[in-house]
Amino acid sequence: MNVDLITKDDLDRFKKELLEEIRRYQQYPRKQGQEARVWLKSYEVRKLLSISAGTLQNLRINGTLPYNKIGGLMYYRYDDIQKLMDGSANAR
């Protein structure tokens, strides 16, 4: 059995590398000191669309609103939400 130990320094280095890569691929430039939001969490989408958690779940289940799940959190692209609001059912 092969066991690898991860130190706090390893995690800090990974965090820095990950943040640099995310910033490199960021779609939209920052505006006046604010970080542009490309991905929204479920509660932000519900607030933006004024819908319940159940309605958002139905949008995910029937494929109307694409999402990515990371850990236990669902993330939605702002562009996909805009397309949904504009009436385009196939956001991708």
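Here, each number is a calculation from the coordinates, and none is a lab measurement. What you see is a predicted model; the values in this text were computed from it and never measured. Every residue, glycine as well, gets a Cβ built from its backbone with ideal geometry; the counts of neighbours run over all protein chains shown.
Numerical summary
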quantity	calculated
Positive-end extreme of charge dipole, the stretch 36-91 - chosen from THR64, MET85, VAL45 (charges on Cβ)	VAL45
ARG37-THR7 FRET efficiency (beta carbon distance; Förster radius 35 Å; 0.05 resolution)	0.60
Pairwise centroid distance, computed over Cα atoms, of the stretch 1-25 with the stretch 45-61, Å	33
Rounded if a/c under 1.5, otherwise prolate or oblate - the stretch 36-91, Cα gyration tensor axes	rounded
LEU49-PHE14 FRET efficiency (beta carbon distance; Förster radius 30 Å; 0.05 resolution)	0.30
